Each structure stands twice: as C-alpha cells, then as structure tokens.
Amino acid sequence: MRLVFAFAFGLLFGSGILISGMGNPAKVLNFFDFAGTWDPSLAFVMGGALLVTAIGYRLVFRMRKPLLAQAFSLPTRQDLDIRLLGGSAIFGIGWGLSGFCPGGLIPVLGLGMSGPLLTAAAIAAGIVSARWMIKLNYGGQPAGA
C-alpha cells in the first residue's frame with residue numbers, strides 16, 4: 001500500500017512540476033535574470049508549495065501517528081554546521097547554473113535530453129564525492145547510509 005501511495009504522490013508532484021513549467025530550465029533561470037527576461041512564476045510556484053505544505057503539516061501533526069508508518073520520522077538536529085551550509089551553497093549554485101533542482105529534474109529525465117542527464121550525472125557525482133569526503137574526514141558512514 002505504501003508503494004501505491006508513493007507512486008500516486010510522485011505522479012502528482014511530477015505532474016505539478018511539468019504543468020507549472022518548472023521542468024524547463026530556461027523558465028527557472030529566467031527567475032534569476034532581474035535585468036533581462038525576469039519571470040516571477042517560480043515565486044508563485046514556490047509560494048503555492050509553501051501554502052500546501054503549511055496546511056499539510058498542520059493536518060498531519062494533529063494525528064497521533066502517520067497512516068502508513070509506526071511513528072513520525074522527524075529530524076532531531078537543529079544546529080547549523082559547515083556541512084549543512086556548504087552543501088546548501090553547492091546545491092544553490094548548481095541549481096542556479098543548470099536550472100534544475102532534483103525535484104524538477106526527475107520528471108524530465110524520461111525525455112531523453114542531454115541537459116537533464118548531465119545534471120543527474122553531476123548530482124550523482126556530488127553525492128558520491130560527499131560520501132567519500134565524509135568517510136575520509138570522519139572515518140565512518142554518513143548519517144542514513
């Protein structure tokens with residue numbers, strides 16, 4: 001049953017990405033082009049997503065437990081460290097250069113275009129590199145591995 005819900009919500013998310021145009025990197029990059037072809041639609045998509053998320057969290061946290069799990073799985077750390085800040089900066093730079101974030105990238109991978117495939121390869125290389133550096137620096141596995 002969890003797989004059915006995951007597929008349905010993934011299909012809903014991917015459809016939203018494609019319908020909103022966020023699978024098109026030019027539309028995303030135009031959001032950052034204040035002096036040229038600025039397109040504010042990304043702000044509206046993000047605002048809509050924040051609204052839905054805020055309502056969803058309020059409804060979900062009224063429940064005693066999730067529908068498809070034994071307990072809620074929430075992060076416990078609240079501190080900011082160099083790994084979080086550095087990773088966020090690298091993510092933002094990559095998003096700004098390519099026009100793809102992972103959420104917007106996944107629905108367009110099936111189109112077979114080279115841009116999304118190269119971006120996915122770069123993200124995979126970044127994940128492997130980060131895990132390798134964590135292992136070198138900390139002598140263990142990253143959390144969740």
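Assorted remarks:
- Among the residues making up the range 51-83, those that are open to solvent by 80 Å² or more (accessible area, probe 1.4 Å) and hydrophobic (A, V, I, L, M, F, W, C) are 51, 52, 55, 59, 61, 67, 74, 80, 82.
- A single member of 48, 14 is farther than 24 Å from residue 120 by Cα and surrounded by 11 or more Cβ atoms within 10 Å (Cβ to Cβ), and it is 48.
- Residue pairs meeting the criteria (Cβ under 9 Å; at least 6 apart or on separate chains; first over 16 Å from residue 117 (Cβ atoms) and open to solvent by 30 Å² or more (accessible area, probe 1.4 Å), in the range 91-106; second modelled with pLDDT of 85 or more and of a type in the set (Gly, Ala, Ser)): 91/126
- Contact map, the range 116-137: residues that are surrounded by 14 or more Cβ atoms within 10 Å (Cβ to Cβ) paired with residues that are at pLDDT below 85 and not in a helix (DSSP H, G or I), Cβ distance under 8 Å, separation 6+ or inter-chain. Pairs shown: 130/142; 134/140; 134/141; 134/142.
- Selection from the range 83-110 of residues that are at pLDDT 85 or above and either over 26 Å from residue 120 (Cβ atoms) or part of a loop (DSSP other than H, G, I, E, B) (or both): 99, 100
- Residue count for the range 26-80, restricted to those that are among the hydroxyl-bearing types (Ser, Thr, Tyr), part of a loop (DSSP other than H, G, I, E, B) and more than 24 Å from residue 4 (Cβ to Cβ): 2
The values are calculated or read from the model by the stated rules, or taken from the named source; none is laboratory data. On a predicted model such as this, the values are computed, not experimentally measured, just so you know. Neighbour counts run over all protein chains shown; Cβ positions are idealised from the backbone, glycine included. Surface accessibility is based on the protein's heavy atoms, side chains included, excluding ligands, DNA and RNA. Shrake-Rupley method; radii C 1.70, N 1.55, O 1.52, S 1.80 Å.
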